Amino acid sequence: MTPNARPPAQRYAGPTVGPFAGTTRLNARRRTVELEALAGRPAVDLLVIGGGVTGAGVALDAAARGLRTVLVEARDLAFGTSRWSSKLVHGGLRYLASGRIGVARESAAERGVLMTRTAPHLVRPLPQLVPLLPGLMRPGQAALVRAGFLAGDALRLGAGTPGTLLPRVRRVDADRARRLVPGLRAVGLAGALVAHDGQLIDDARLVVALARTAAHYGATVLTRVRAGAVTGTSARLTDALTGQSFTVTAGAVVNATGVWAGEVDPSIRLRPSRGTHLLFDAAALGHPTAALTVPVPGSTSRFVFALPQQLGRVAVGLTDEDAPGPIPDEPVPTDAETGFLLDTVNAALHTALTRADVRGAYAGLRPLLDTGGGGTADLSREHAVLESPSGVITVVGGKLTTYRRMAEDAVDTAVRLRGLSARACWTARLPLVGAPGHRDGHPLPVDGAPASLLARYGGEARSVLAVAEARPGAACAPIAEGIDVTRAEIAYAVTHEGALDVSDVLDRRTRIGLVAEDAERARPAVEEILTDRQAG
Ligand SMILES: Cc1cc2nc3c(=O)[nH]c(=O)nc-3n(C[C@H](O)[C@H](O)[C@H](O)COP(=O)(O)OP(=O)(O)OC[C@H]3O[C@@H](n4cnc5c(N)ncnc54)[C@H](O)[C@@H]3O)c2cc1C
């Protein structure tokens, strides 16, 4: 507590009281009630701008410390970069390669926190396989890869993450390698190196879980609300649904808008880098259970990955391309990137993937700070917390894996600079909704629930089914043939996860929308459930 901390004159009481107190539920009704309450008493301790992983993490950190917190997101939770990632929870190997041991340790520590305490229901161990194939690596490169994996093991040990969760690197024979990735080229295959890292079931689900947990601790979470005219102590908020606006004052304002950070605070200079993924049916690679890791020709530190995903897909990524100019709402992969990814991955496959096999593609922009010179692959992935001359506190850079640490640093800075009264950060011990130990997580197994439901909701699977009980028989029915998303999940997205329209459901609460054809097949049923739930 800072002795000269002074509360704002007209404090917003926030959802720590009223009908939503202590609940993780986000929906249209809560949004309306809380937006009106905020407009009536527009003064808070902390205003967070941006509902990606960084902003949602900051809102959770601040609310859990007892700060009256409002998070505003111009579009939807996870609308930006946070839904376009590779969905890996990294152990920091690439930082070791460039000698940044502190950042590597931080990454490994945060991976351990996510996998053992805060979100074990959303992150699973993923075997990563580097095939030993003639012509795939330069002489000596396999030994380098192995040394890197061993160093990664040391990081894991240092972070206290058990080997039972993330097994040590090992060499496997060709048969075992092809059982893990059946599409692997057999001719000349001398086995493979296999290491383990963490993989999120979905990046957007992590963001939604963070925002809902923040709401549980009293944060007001408002989507379709854009912040403009931002200063160190205020912002003009505009509701995109009604066009109405009002000014909110805050003890501190945190800009967590990723690649848009320079639009909110012109003193921030970024150099975005585009990363692209292509999506294939898992069958095209023989339903792999490990990530295939293929070295990029001519580089010792860059790889293309073929990553098994939910919904029967494999994502092949990724690229690292300078992306200057205006920031698009949704970045688009280029033809050259598609060619590069196909050429690189095909070098390790028995049957080459073609453009005709591509079921979907997506690109995201990394919010990298412009430190001048070099290619974007050389720019630091470290995060930064910066106070601009206007007093806005910007938190930028980093990655999904380290969101918690980024949030802690941002809130520590706000508390220190503005003399806010707050407890110490405790998010490393705070389970997200659905994780064991969270009040809304249910420890018991759920009879009859599909495995995919448990993988996406953890201990919350039971309440997903409960919400759908009003439609007997339909709860576990798929939303459309061949898509393993249940009707219950669509209903839950609307009643509990803050989905306001069909795009929120298809593109962020579920990832059906990554394949346009699937989205069109699911759309009628999603529209029907959305209308029904919003009416009720
Ligand atoms: C291709 C790719 C792959 C990656 N893979 C991984 C990976 O495997 N593992 C990993 O750890 N990291 C990965 N990353 C990094 C990680 O995805 C990003 O660092 C992270 O998602 C950035 O999140 P953010 O919240 O800072 O930004 P964003 O997710 O972009 O969120 C910013 C939000 O601010 C909102 N906003 C903008 N302006 C306003 C305004 N005026 N008012 C209100 N809201 C506003 C936007 O709508 C947006 O939702 C990857 C990145 C890319 C590009």
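The values are calculated or read from the model by the stated rules, or taken from the named source; none is laboratory data. If you're wondering where the values come from, they're calculated on a predicted model, not measured in any experiment. We place every Cβ from the backbone using ideal geometry, glycine too, and count neighbours over all the protein chains shown.
Restricting attention to segment 69-86, does a residue exist that is within 10 Å of the ligand (Cβ to nearest atom), more than 11 Å from the chain's Cα centre (by Cα) and of a type in the set (K, R)?
yes
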**Item:** P272 vs. criteria closer than 21 Å to L365 by Cβ, within 13 Å of the ligand (Cβ to nearest atom) and in contact with a Lys or Arg (Cβ under 8 Å, 6 or more places away or on another chain)
**Value:** yes
**Complete:** Given (1) within 28 Å of L157 (Cα to Cα); (2) surrounded by fewer than 21 Cβ atoms within 10 Å (Cβ to Cβ); (3) within 15 Å of the ligand (Cβ to nearest atom), R111 misses just (2)
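Can you name the residue in segment 216-239 that is among the aliphatic types (A, V, I, L, M) and closer than 11 Å to L35 by Cβ and is also farthest from the ligand (Cβ to nearest atom) among such residues?
The initial filter retains those residues of segment 216-239 that are among the aliphatic types (A, V, I, L, M), namely 219, 221-222, 225, 227, 229-230, 235, 237.
Right, trim to closer than 11 Å to L35 by Cβ and you get 221-222, 225, 237.
Values: V221: 12, L222: 9, V225: 7, L237: 8 Å.
Selected residue: V221.
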**Prompt:** Does any residue in segment 364-390 that is at pLDDT 65 or above come within less than 6 Å, Cβ to Cβ, of a residue that is more than 15 Å from the ligand (Cβ to nearest atom) six or more places away or on a different chain, and which pairs are these?
**Reply:** D370/R269; V385/T413; S388/S267; S390/G232
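Condition check ((1) in a helix (DSSP H, G or I); (2) in contact with a Lys or Arg (Cβ under 9 Å, 6 or more places away or on another chain); (3) of a type in the set (A, V, I, L, M, F, W, C)) across all residues:
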site: S107; (1), (2), (3): yes, yes, no
site: P139; (1), (2), (3): no, no, no
site: T164; (1), (2), (3): no, no, no
site: G198; (1), (2), (3): no, yes, no
**Members of segment 272-321 that are assigned to a loop (DSSP other than H, G, I, E, B) and more than 20 Å from the chain's Cα centre (by Cα)** = G286, H287, P288, T289, A290, V296, P297, G298, S299, T300, S301, R302
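Scan segment 216-238 for residues that are in a strand (DSSP E or B), of a type outside the set (S, T, N, Q) and surrounded by 19 or more Cβ atoms within 10 Å (Cβ to Cβ) and jot them down. I'd like the intermediate steps shown before the answer.
First, pick out the residues of segment 216-238 that are in a strand (DSSP E or B): 220-223, 225-228, 234-238.
Subset that is of a type outside the set (S, T, N, Q): 221-222, 225-228, 235-237.
Matches in segment 216-238: V221, L222, V225, A227, A235, L237.
Can you tell me how many residues within segment 239-271 are part of a strand (DSSP E or B) and either among the aromatic types (F, W, Y) or under 23 Å from the mean Cα position of the chain (by Cα) (or both)? Full working, then the answer.
At the first step, the residues of segment 239-271 found to be part of a strand (DSSP E or B) are 239, 245-255, 270.
With either among the aromatic types (F, W, Y) or under 23 Å from the mean Cα position of the chain (by Cα) (or both) added as a condition, the list becomes 246, 253-255, 270.
Residues meeting the conditions: 5.
Quick one: count up the residues across segment 300-315 that are closer than 20 Å to R124 by Cβ and of a type in the set (S, T, N, Q). First the steps, then the outcome.
In the first step, residues of segment 300-315 are kept if they are closer than 20 Å to R124 by Cβ; the result is 305-315.
Now narrow it down to the ones that are of a type in the set (S, T, N, Q): 309-310.
Residues meeting the conditions: 2.
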**Prompt:** Among Q141, Q128, which is at pLDDT below 95 and either buried (at least 20 other Cβ atoms within 10 Å of the Cβ) or more than 26 Å from A384 (Cβ to Cβ) (or both)?
**Reply:** Q141
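Please tell me if A59 is modelled with pLDDT of 95 or more, within 15 Å of the ligand (Cβ to nearest atom) and either assigned to a helix (DSSP H, G or I) or closer than 19 Å to T213 by Cα (or both).
On the way: modelled with pLDDT of 95 or more: yes; within 15 Å of the ligand (Cβ to nearest atom): yes; either assigned to a helix (DSSP H, G or I) or closer than 19 Å to T213 by Cα (or both): yes.
The answer is yes for A59.
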**Request:** Give the residues of segment 166-178 that are touching a residue at least 40 places away in the same chain (Cβ under 8 Å) and either touching a Phe, Trp or Tyr at 6+ places or on another chain (Cβ under 7 Å) or assigned to a helix (DSSP H, G or I) (or both), sorted by residue number.
**Result:** A177
**Request:** Identify the single condition in (1) in contact with a helix residue (DSSP H, G or I) (Cβ under 8 Å, 6 or more places away or on another chain); (2) closer than 16 Å to V48 by Cα; (3) within 13 Å of the ligand (Cβ to nearest atom) that V264 does not satisfy, given that it satisfies every other one.
**Result:** (1)
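Residues checked against (1) out of contact with any strand residue (DSSP E or B) (no Cβ under 6 Å at 6 or more places or on another chain); (2) under 27 Å from D281 (Cα atoms):
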position: A466; (1), (2): yes, no
position: A493; (1), (2): yes, yes
position: L514; (1), (2): no, yes
position: L530; (1), (2): yes, no
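If the requirement is being out of contact with any helix residue (DSSP H, G or I) (no Cβ under 6 Å at 6 or more places or on another chain), at pLDDT below 95 and crowded, with 20+ Cβ neighbours inside 10 Å, which of these qualifies: G51, G91, G14? It would help to see each step written out before you state the result.
On the way: G51 fails: at pLDDT below 95; G91 fails: out of contact with any helix residue (DSSP H, G or I) (no Cβ under 6 Å at 6 or more places or on another chain).
Result: G14 is the single residue among G51, G91, G14 that is out of contact with any helix residue (DSSP H, G or I) (no Cβ under 6 Å at 6 or more places or on another chain), at pLDDT below 95 and crowded, with 20+ Cβ neighbours inside 10 Å.
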**Fill in**
Listed by first then second residue, the pairs whose first member lies in segment 391-404 and is without any contact (Cβ under 8 Å) to a residue 60 or more places away in the chain, whose partner is near the ligand (Cβ under 10 Å from one of its atoms), with beta carbons under 6 Å and at least 6 positions apart or on separate chains, are G397/H383
